[in-house]
1. Just one of the numbered conditions (1) within 22 Å of Leu161 (Cβ to Cβ); (2) small (Gly, Ala, Ser); (3) at pLDDT below 85 is not true of Gly109; which one?
2. Of all residues in the range 60-81, how many are assigned to a helix (DSSP H, G or I) and without any contact (Cβ under 8 Å) to a residue 12 or more places away in the chain?
3. Being of a type in the set (Val, Ile, Thr), in contact with a strand residue (DSSP E or B) (Cβ under 8 Å, 6 or more places away or on another chain) and either at pLDDT 65 or above or more than 30 Å from Pro112 (Cβ to Cβ) (or both), is that true of even one residue in the range 32-51?
4. Name the residue that is farthest from Pro127 (Cα to Cα), counting only residues in the range 74-108 that are touching a helix residue (DSSP H, G or I) at 6+ places or on another chain (Cβ under 9 Å) and of a type in the set (A, V, I, L, M, F, W, C).
5. If you check Pro112 against the conditions, is it closer than 28 Å to Glu151 by Cβ and in a loop (DSSP other than H, G, I, E, B)?
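The values are calculated or read from the model by the stated rules, or taken from the named source; none is laboratory data. No experiment lies behind these values; they were computed from the predicted model shown. A quick note on method: Cβ atoms are made from the backbone with ideal geometry, for glycine too, and the neighbour counts reach across all protein chains shown.
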Amino acid sequence: MKLKSVINGGILLGIFINAVACNSCESKPNKIHKPEGTITLEKANELEETYKKTRHEIINRALGFDSLNIQDSREVWFSLDRIKKYIDYVEKEADKNGYKELGLRFYLGAYPDTKETKGFTTLFAVPTTTSIKPQKATNYFMPPPPHEISENMDNVEALNLGGAGHPPKELAIQ
C-alpha cells in the first residue's frame, strides 16, 4: 500500500514537473496588430505611379537630369535597426527635456550640386512634440490632430543619410 502511494505520488510529481516545464517552453503566439495608417502594396504602388507621372518627370526635366540620362531620387532606404536606434535617441532626449506626445516629421530636401555630384532629393526626419507651445496663437473650433500642433524639437538632431537608389527602385507590383 505504501509503495503504491509512493508510485502515485511520483507519477503526479512527474506530471506536474512536465506540465510546468512544457508550459514555460511553449511559445505563446504574439498577436501582431497593424498600426493605424498602413496601406496595401497595391495602394503604395498607385501612390508611387501617381508621383512619377505628376512630379518626378517634371523634376527630372527641370533639373536637366533627362539630358544627362539620370533620375532624381524618389525613394530613400533606412535600416530598421537605425530607425529603432534613432527613436530610442529621440525618446531619451525628450525625457531629459520633459517632452511628451512625440512624433516624427519627414521632410523632403535636396543636396547642393557639387563638381562631383548632382543635388539629388533626400528625405530626413525631425522629432516633434506637442509639449512645446506654438509660437503663434491659433484658434481652433475643435482640437486639431497632433501633427498640426506638434512643434519640431530644435535641440535634438534630425535623421538623414539613408540610401537612395540611382536609378530609383521600382515598387511596381507584378
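1. Unmet condition: (3).
2. Here is the first cut: in the range 60-81, the residues assigned to a helix (DSSP H, G or I) are 60-62, 65-68, 80-81.
Then keep just the ones that are without any contact (Cβ under 8 Å) to a residue 12 or more places away in the chain; that gives 61-62, 66-67, 80-81.
Residues meeting the conditions: 6.
3. Start the filter on the range 32-51 by keeping residues that are of a type in the set (Val, Ile, Thr), which leaves 32, 38-40, 50.
Applying the additional criterion that residues be in contact with a strand residue (DSSP E or B) (Cβ under 8 Å, 6 or more places away or on another chain) yields none.
No, because not a single residue in the range 32-51 is of a type in the set (Val, Ile, Thr), in contact with a strand residue (DSSP E or B) (Cβ under 8 Å, 6 or more places away or on another chain) and either at pLDDT 65 or above or more than 30 Å from Pro112 (Cβ to Cβ) (or both).
4. Phe78
5. On the way: closer than 28 Å to Glu151 by Cβ: yes; in a loop (DSSP other than H, G, I, E, B): yes.
Yes, satisfied.
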